Amino acid sequence: MAGLAAHALTCVKRDRVLFSDLSFRLQAGSLTYLRGPNGAGKTSLLRLLTGLSLPDEGHITFNDVPIAECLPQFHSSLIYIGHKPGLNSALSAIENLQFWCAQHRVEFSLERAYDVLTTLGLVGLEDIPVRMLSAGQQRRAALARLWLKSASIWILDEPFTALDINGVALLESLMKSHVAEGGTVITTSHQPLSELAGHIALLDLEYQI
């Protein structure tokens, strides 16, 4: 079956088992809310799903092929945004997006980048160093990547952090549209995803003593 799937994953950090024998499949057109207490391994699991980390046991497949055997195809289908914005503080929002596109082999359009930052409410702030932006503005600049790369799988770690009510509504709307078009989203969040109710599958991690 197509999609991103975890097969009997075990993850150990500092001699503590975060989770073990964890299996699930993320289908096209699905939005999965990964939840659990601090220390349960949410970020660790998301990093495993991207291929940035390796499980202690088990494996990840993309369209039924181990991701280690199809990394170029897998990464071209993926956007991962971590719980930190991942921006170079000395560069502007535009320069950060241009650099990110070059890293990920995404064609960069200056006009498109300005349009996206306008949509995100960053008019007039596109060309100043991001260190001068607020935390919420930096988060918006990081999320602009979702508009610039055509990728079927979005892996988002705390994407709503520092966003105001308008930013939250904009991102929720984008996530719903992506799923409606057959995309896949897995996300964590410390806030209720009220506007996404009815669209979400839950994946719970429990803290292991």
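The values are calculated or read from the model by the stated rules, or taken from the named source; none is laboratory data. If you're wondering where the values come from, they're calculated on a predicted model, not measured in any experiment. Cβ sites come from the backbone with ideal geometry, for glycine too, and all protein chains shown count toward neighbours.
Within the stretch 155-173, not a single residue is surrounded by 20 or more Cβ atoms within 10 Å (Cβ to Cβ), β-branched (Val, Ile, Thr) and over 21 Å from residue 43 (Cα atoms).
Residues that are within 17 Å of the chain's Cα centre (by Cα), closer than 19 Å to residue 44 by Cβ and surrounded by fewer than 17 Cβ atoms within 10 Å (Cβ to Cβ) within the stretch 63-102 comprise 83, 84, 86, listed in sequence order. Number of residues in the stretch 81-102 that are in a loop (DSSP other than H, G, I, E, B) and within 14 Å of residue 139 (Cα to Cα): the value is 8. Please go through the stretch 16-48 and give me each residue that is under 24 Å from residue 174 (Cα atoms) and free of Cβ contacts under 8 Å to residues at least 40 places away in the same chain, ordered by number. Those that are under 24 Å from residue 174 (Cα atoms) and free of Cβ contacts under 8 Å to residues at least 40 places away in the same chain: 25, 47. When residue 49 is tested against (1) over 21 Å from residue 135 (Cβ atoms); (2) in a helix (DSSP H, G or I); (3) over 19 Å from the mean Cα position of the chain (by Cα), only condition (3) is not met. Would it be correct to say that residue 117 is buried (at least 19 other Cβ atoms within 10 Å of the Cβ) and either out of contact with any helix residue (DSSP H, G or I) (no Cβ under 8 Å at 6 or more places or on another chain) or assigned to a loop (DSSP other than H, G, I, E, B) (or both)? No; evaluated as a whole, the condition is false for this residue. Condition (residue is aliphatic (A, V, I, L, M), assigned to a helix (DSSP H, G or I) and either farther than 22 Å from residue 49 by Cα or outside the structural domain of residue 34 (by TED's automatic domain parsing) (or both)) applied to the stretch 121-132: is it met by at least one residue? Within the stretch 121-132, one or more residues are aliphatic (A, V, I, L, M), assigned to a helix (DSSP H, G or I) and either farther than 22 Å from residue 49 by Cα or outside the structural domain of residue 34 (by TED's automatic domain parsing) (or both).
Matching residues to (1) of a type in the set (S, T, N, Q); (2) touching a residue at least 60 places away in the same chain (Cβ under 8 Å):
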position	(1), (2)
113	no, no
122	no, no
132	no, no
152	yes, yes
158	no, yes
